[in-house]
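Every number in this text was worked out from the coordinates using simple rules, so none of it is lab data. Bear in mind the structure is a predicted one, so any value in this text is a computation, not a measurement. Note that each Cβ is placed from the backbone with ideal geometry, even for glycine, and that neighbours are counted across all protein chains shown.
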Amino acid sequence: MFRVCGRCSPGLPWLQVHAPLRAGHLGRGDHPITPRATLWAMCGRYTFTFSAKSLAEAFAMVPPGFEIRSGHNIAPGQYIVIVRPERDQRVADVAFWGLIPGWVKDPNEFSKPINARAETLEDRPTFRTAFKRKRVIVPASGFYEWKAEGKGKQPFYIHPTDGDFFAFAGLMEDWQGPNGEVMVSACIITTEPNELMAGIHNRMPVILPRKSWDLWLDPAAQTREVKPLLVPCPSELMAAHPVSLAVGNVRNDSQKLIKPHGLML
């Protein structure tokens, strides 16, 4: 038996939610949905070093009603912080990383993609509705990507050159179960790589410039208006360096993971 409660985050030391949310909202430990999510081609780990205050300041919104802790190895199947529109304002929310469209009958039998390719958002039923009306931003301090080298793969940490943060373009969905329970989920949109990322991987997350946030979050904006935003950000806005293989283990989560390790690009 699973009980309905305010949102919580068992097993996620970087995020603690204390404020009750709208009726029927479930926390990970209170829902029969398994945390399995499909790891697609790109952007499967990232870092989040905001506080509730700095997050609110960054997105010009009211501080979220939950405590946030830093995370240096956020992975699929965990709950992540998103920024979404609400009554012409921006608000922070929490979502399961792995999109679950509303038409899914059994989330445990669905792949729950963590990424969505920008080129096919309107072609795939999984993303079509969310792209039209449920666009969000996923704040990140940086992200990891693995470069194939010989028979192995070398992880790299990619971060803003100005010490700021990334605003990933994302999608969200509200899946409702047979008993009225609601599961908020999200994914990150990817695009072709810029010059820097091309030397590491063939995809990268869509990173939105600050001037485009309002348009992207506007549920009234048409898809033809936001499509031009789904392009690689300029290479000069980011830097990359190799890091330890320890980041491959999701149980490892410390600032040491982002320190340079091995030869630089």
### Summary
Residues Cys233, Cys187, Cys43 in order from fewest to most other beta-carbon atoms within 10 Å are Cys233, Cys43, Cys187
### Message
Please give the Cα centre distance for region 183-205 versus region 93-150, rounded to the nearest Å.
### Response
11
## Note on the structure
Listing Thr190, Thr120 by rising number of other beta-carbon atoms within 10 angstrom, fewest first, gives Thr120, Thr190
### Taking Leu196, Leu99 and counting other C-beta atoms within 10 Å, the order from fewest to most
Leu196, Leu99
### Message
With +1 on the Cβ of every Lys and Arg and -1 on the Cβ of every Asp and Glu, and nothing else charged, how large is the dipole of region 136-203 about its Cα centre, in debye rounded to the nearest 20?
### Response
360
